[in-house]
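Peer 1: Got a structure for you, questions after.
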Amino acid sequence: MRRIWLAIRVFFLVLFRREVAEAVRAVLEVRTAPPRKAVEPPEVKVPKKPAPPKAPQRSEALTLLAALQREARFVDFVEEPLDDYTDAQVGAAARDVHRNCRAVVRRLFAPQPLVSDAEGADIEVPRGFDPGRYRLVGQVAGEPPFHGRLAHPGWEAARCEVPTWSGGKSAVRVIAPAEVEL
């Protein structure tokens, strides 16, 4: 509100007093004159802080393989030559490895059958099916829906909880560390 009264007052002063009119004109000309080039201060180069080193990246597949080795000795079992062992010895070792691998897979992934029907049951593969959920084998002809016999129900992970790896750069590809008995 004060500015309105000021504008009215200036209006009448400019209208009736020459010296005020010339002062206002001078102020307005200064404000409407083209801006002068501002002198830019010289650039000061601030050294950039180096980015913190990235944590080593490791494949989740290696982390899973390491868990299978740590808890089930899976790699030891697979890499062991079996020629010198009897079937009974291999079977006994396989039973322990199987049980422990199964525990790891269940804990990390909780696999469930993808299709609840039993193997051998007649099922329908719907129109617009996802080829990631159904693999058609045998004589495939025509358009869906397809009718066939369930050869395998498939598997689906109810969760995926692969442990987060926290090792160093030199251990990125280590499946199992060397064990040294003291």
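Peer 1: So, in region 129-163, how many residues would count as being closer than 30 Å to Arg73 by Cβ and either among the acidic types (Asp, Glu) or touching a residue at least 40 places away in the same chain (Cβ under 8 Å) (or both)?
Peer 2: Residues in region 129-163 being closer than 30 Å to Arg73 by Cβ and either among the acidic types (Asp, Glu) or touching a residue at least 40 places away in the same chain (Cβ under 8 Å) (or both): 11 in total.
Peer 1: Taking the conditions exactly as written (out of contact with any Gly (no Cβ under 9 Å at 6 or more places or on another chain) and part of a loop (DSSP other than H, G, I, E, B)), does Gly138 satisfy them or not?
Peer 2: no
Peer 1: Hey, could you check region 141-182 for residues that are in a loop (DSSP other than H, G, I, E, B) and in contact with a strand residue (DSSP E or B) (Cβ under 8 Å, 6 or more places away or on another chain) and say which is modelled with the lowest pLDDT?
Peer 2: For region 141-182, the residue satisfying everything is Pro144.
Peer 1: If Pro53 satisfies all but one of (1) at pLDDT 75 or above; (2) under 36 Å from the mean Cα position of the chain (by Cα), what's the number of the condition it fails?
Peer 2: Going through the list (1) at pLDDT 75 or above; (2) under 36 Å from the mean Cα position of the chain (by Cα), Pro53 breaks only (1).
Peer 1: In region 78-135, how many are in a helix (DSSP H, G or I) and either surrounded by 10 or more Cβ atoms within 10 Å (Cβ to Cβ) or not aliphatic (A, V, I, L, M) (or both)? Break it down stepwise before answering.
Peer 2: Restricting attention to region 78-135, the residues satisfying the condition of being in a helix (DSSP H, G or I) are 78-79, 87-109.
With the extra rule that they be either surrounded by 10 or more Cβ atoms within 10 Å (Cβ to Cβ) or not aliphatic (A, V, I, L, M) (or both), the set shrinks to 78-79, 87, 89-109.
Here the count works out to 24.
The values are calculated or read from the model by the stated rules, or taken from the named source; none is laboratory data. In this text, all values refer to a predicted model and were calculated from it rather than measured experimentally. Backbone-built Cβ (ideal geometry, glycine too); neighbour counts: all protein chains shown.
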